[in-house]
Amino acid sequence: MNMDEIISRAKEYIAAEKDEGFRKEVEELIASPEKNAAELEDRFYRNLEFGTGGLRGVIGGGTNRMNTFVINNATQGLANYVKKALPDKAAAGKLSAVVAYDSRRYSDVFAEATALIFAANGFKTYLFTGLRPTPELSFAIRTLGCDTGVVVTASHNPPQYNGYKAYWSDGAQVIEPHDVGIINEVNSVSEVKTINKDEAIKAGKLVLIDKEIDEKYWAMVKEQLFRPELIKEKAKEVKIVYTPLHGTGAMHVEKVLSDLGLKVITVPEQREPDGTFHTVEKPNPEEAPALKMAVELAEKEKADVVMATDPDADRFGSAVPGKDGKYVLISGNQMGVLLTDYILLSRKELGKMPSGPAMIRSIVTSPMVDSIAKDYGVLLSECLTGFKWIANDMATFEKSGKNNYVFGFEESYGYNVETAVRDKDGVSASAMCAEMTLYWRSKGKSLLERLEELYTKYGYFKDVSISKNFPGSAGLDKMKGIMASLRAKGLKTLGGKTVLKIRDVQESVIYDPAAPATKTAIKLPKSNVLQFFLDGGTVVSARPSGTEPKIKFYINSKVAIKGSLDDAKKEADILCDAIKNEIDAILDAQ
């Protein structure tokens, strides 16, 4: 796209954008196009597209930014698509939608604009009166029987981002063909309908909601627990330090855990909602710096566990004291392993294992849980990255009637212990983690000690993720080049280990690189992912992010316990370092 085309797109955007601040940003840029060429190109070389989490981008003026213009077009396109997908309900005036939002900048503005566009398009629209977590939005869709829903959030991204997650009537984020269909409608929008808020409320087209959903959600979360008697008996023995990282979690996590009688100390500096997230660089519980203040408070309070949720409270992070008293961060895979073990153990102990039990993990999540599931006779289903695919498998189980869902998670700190929510849920994960901590304490063990027992039984698993940013249109081409090169050349070895199989999810095949002509079809939906299965059980995966300008590599290493666990840990360190060095060389070559 040349500069004349970019400026033309910028002028069209200025004419359509209703927010004065966003208009001025672009007007100032096109006043000096040569000076601002790179910035203009980045803002206008494309329209934001639905990825693994819907729309997500930097807040600002432009078609490749999050602003009222993009939000309005996305919502009108979504409304148009739903009306076409459900023509009978549309004709009868019975369509409905629910909208929620988190603590990010402009979230409340974008959410209200979204709700009013739905209302103007004939939807009975429910809008939360204040910020609410993403899992509650999913719960609200199912509880209210809505046809669609939206939560305005950029999850754990840095403060300059915001986003827009679109949901279908099952309470799950949209997947194919809906996501593609919505984008086509968005790109075809010629007119955006809206309505005055007071008029919408008076006409019954806009309904404000809060406690009537909150109370049902809290009750649902508590119903998932296995041992309420144990919690009542031992609650005073456990001290929890919690941080919502300036997001939506405090209201729900504090309420649920305190109702259970647990002592929760919330990091005071991070308790109140704040879209600047001023105490952290990124409000991401996956990263140690985000938990620094919580860990410091836990050290002072001598807490038994640190808990954290991201701004929209769908992700859950934790840390626990080690034998030396210093707090150890539990990774997303490790918490998934611990919860898998605890949930399956509890269901078996208490006679609550359903017929045809099944759990789900994403393809880049640790395969350690496969062995645990097998021991309990539980089906392990793999899905693409993104919790919408876990929800999709959940729905498949329900339709077939052959399997009953018991747990699902992905390595990026997302867990789901219930079917009433079709997304990851940091609130219910907090409650289940608290109960699990009490359970193992009653057995004289810490979470880390239980994890080491599992390693001793199933082998030591170490997980390493590598990512590199490739911003802008040039970056997109570089990421495509890396994936194309890996597909064309393949990899025969990694870290000194032979590659036994390559799974190419985009091409829907798996094959032995020593005999590439012999390929077996796989059933996963197409996605730009390559996986390398190494001798010994290690899996290395490569995928461009669906929501950020970065490419990600995941190392899920496995080392058999031949001597001590410490020896296995050292062997895993050496293996992961060797693989990482090879991947870094591939990335640095671009």
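What the table shows:
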| read-out | value |
| --- | --- |
| Accessible surface of the stretch 188-235, 1.4 Å probe, proportion on carbon and sulfur as whole % | 46 percent |
| Cα gyration tensor shape of the stretch 416-511, rounded if a/c is under 1.5, else prolate or oblate by comparing a/b with b/c | prolate |
| Rounded, prolate or oblate (a/c below 1.5 giving rounded, otherwise prolate when a/b exceeds b/c) for the stretch 324-401 by Cα gyration tensor | oblate |
| Residue (of Asn157, Pro177, Thr114) at the positive-pole extreme of the stretch 63-210, dipole from beta-carbon charges | Thr114 |
| Simple Cβ-charge dipole of the stretch 520-590, Lys/Arg +1 and Asp/Glu -1, about Cα centre, in debye nearest 20 | 460 debye |
| Mean accessible surface per residue for the chain, computed with a 1.4 Å probe while every protein chain stays in place, in Å² | 40 Å² |
| Gyration tensor verdict on the stretch 116-247 (Cα atoms; rounded if a/c is under 1.5, prolate if a/b is larger than b/c, oblate otherwise) | prolate |
| Separation between Cα centres of the stretch 284-309 and the stretch 1-61, rounded to whole Å | 39 Å |
| Rg/Rg_globular for the stretch 456-584, with Rg_globular taken as 2.2 N^0.38 Å and Rg from C-alpha atoms | 1.12 |
| Among beta bridges that DSSP assigns inside the chain, antiparallel share in %, nearest 5 | 65 percent |
| Radius 14 Å from Cβ of Val337, net charge of other residues (Lys, Arg +1; Asp, Glu -1) | -3 |
| Charge dipole of the stretch 432-590 about the Cα centre (unit charges at C-beta), most positive-ward option of Val540, Ala578, Ala515 | Ala515 |
| The stretch 159-279, dipole about Cα centre (Lys/Arg Cβ +1, Asp/Glu Cβ -1), debye to the nearest 20 | 460 debye |
| For the stretch 359-419, projected area of the alpha-carbon convex hull averaged over all directions, nm² | 3.8 nm² |
| Percent carbon-and-sulfur accessible area, the stretch 451-590, ignoring ligands, DNA and RNA, probe 1.4 Å | 51 percent |
| Ordering of 28-36, 361-369, 573-581 by packing [mean C-beta count within 10 Å, highest first] | 361-369, 573-581, 28-36 |
| Within straight-line cross-link reach of Lys374, aspartates and glutamates at Cα separation under 16 Å, skipping those fewer than 8 residues along the same chain | Asp341, Glu382 |
| Qualifying trypsin sites (Lys or Arg not before Pro) for the stretch 62-129 [loop in DSSP, other Cβ within 10 Å: at most 14] | Lys94 |
| Over the stretch 221-371: Kirkwood hydrodynamic radius from C-alpha pairwise inverse distances, Å | 16.7 Å |
| The stretch 382-541: Rg to Rh, with Rh as the Kirkwood radius over Cα pairs | 1.02 |
| Net lengthening on full extension, Ala521/Lys239 (0.36 nm per residue, minus Cα-Cα) | 96.5 nm |
| All lysines inside 22 Å of Lys94 as judged from Cα atoms, apart from same-chain residues fewer than 8 positions distant | Lys83, Lys84, Lys124, Lys193, Lys197, Lys202, Lys205 |
| Lys, Arg +1 and Asp, Glu -1 on Cβ, resulting dipole of the chain about Cα centre, debye, nearest 20 | 1300 debye |
| By accessible area with a 1.4 Å probe, ligands and nucleic acids excluded, highest first: order of Thr153, Thr129, Thr385 | Thr129, Thr385, Thr153 |
| Out-of-range pairs (alpha-carbon distance over 23 Å; input Lys478/Lys580; Lys35/Lys552; Lys282/Lys552; Lys348/Lys523) | Lys35/Lys552; Lys348/Lys523 |
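The values are calculated or read from the model by the stated rules, or taken from the named source; none is laboratory data. Values in this document were obtained by computation on a predicted structure and should not be read as measured data. Positions of Cβ are backbone-derived with ideal geometry, glycine not excepted, and every protein chain shown enters the neighbour counts. Please note that ligands, DNA and RNA were not included when accessible areas were found on the heavy atoms of the full protein model with its side chains. Shrake-Rupley method; radii C 1.70, N 1.55, O 1.52, S 1.80 Å.
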